[in-house]
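Quick notes on the structure that follows.
What follows draws every value from the coordinates through simple rules; no lab data is involved. Only a predicted model underlies this, so the values are computations on that prediction, with no experimental measurement involved. Neighbour counts run over all protein chains shown; Cβ positions are idealised from the backbone, glycine included.
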Amino acid sequence: MNDHHHDAPTTRIPRVPDVDPQDRTAPLGRPVTAPAHAAGPEPERTGPAAAPATDAGGRAPTPTLLEQMGGVTGIVASTIPIVVFVVANILGDLRTALYAALGAGVLVLVWRLVRRDPVMPAISGLLGVGVCALVASRTGEARGFYLPGLLYSGALGIVALVSIVARWPLAGVIWHGINGHGTEWRRDPHLVRAYGWATAVWATTFLAKVVVQGGLYLADSETWLGVARLAMGYPLTGVAILATILIVRRAERARTATA
């Protein structure tokens, strides 16, 4: 009896790793008659549906800037409340324009919820429209709707310039912060210089908005102010993003060539 108990494990255990992976068998050598997921641990899946949710380093992939902005549809949708405000303000009065803009922001949020798209861009846009509507309502002027955006652009422009002087260029801080790369890039003078130029592009973009839209604000040209807000919004931001990519890639190529 003792010999039998000693022999049983030695006759069964070696057969388990020797089984052909294509010939699924149970641990005791019996053919599997149930689906693989019912017979034991779920087998490793392959194919596009089983693509890992992490990168090579085991970390979750970082969403691109476009994804964080809600994609192309999110970018287009975020401009709808402003367009609605401009048109409604031309056709009606300030109160009607404010209600129309807020209603458009709510509809955009509901639309993204129905589509199960990321809603944070829509929520941020709705909050922004709410702040702008509050300022316009308090001042009793349609141009007040654009004042928060002006102040925001001015603040970002100043911060960008200060970051260049402090050798912590904002473009590098934001980019590497989003991707979780830390601050190692600051040890490379080529990258610091490149991000400094990229940040200068952004500072110019922000301050250009302040100059152009600020002039229209002071001239109380509310209709053209709305048009300028749209024209200098995402289109100008897209140009700044493209310039940043070109500048940084050129710096990385130069660093690789001299390495």
Between the range 78-142 and the range 183-259, what is the separation of their alpha carbon centroids in Å? 26
Within the set of other residues whose C-beta is less than 15 Å from the C-beta of Trp168, count the net charge using Lys and Arg as +1 and Asp and Glu as -1. +2
Count neighbours as other Cβ atoms within 10 Å of each site's Cβ, and list the trypsin sites (Lys or Arg not before Pro) in the range 163-203 that are DSSP loop with at most 13 such neighbours. Arg167
Shape call, the range 140-199: gyration tensor on alpha carbons, a/c limit 1.5: prolate
For the range 68-203, convex hull of alpha carbons as volume per residue, Å³: 117
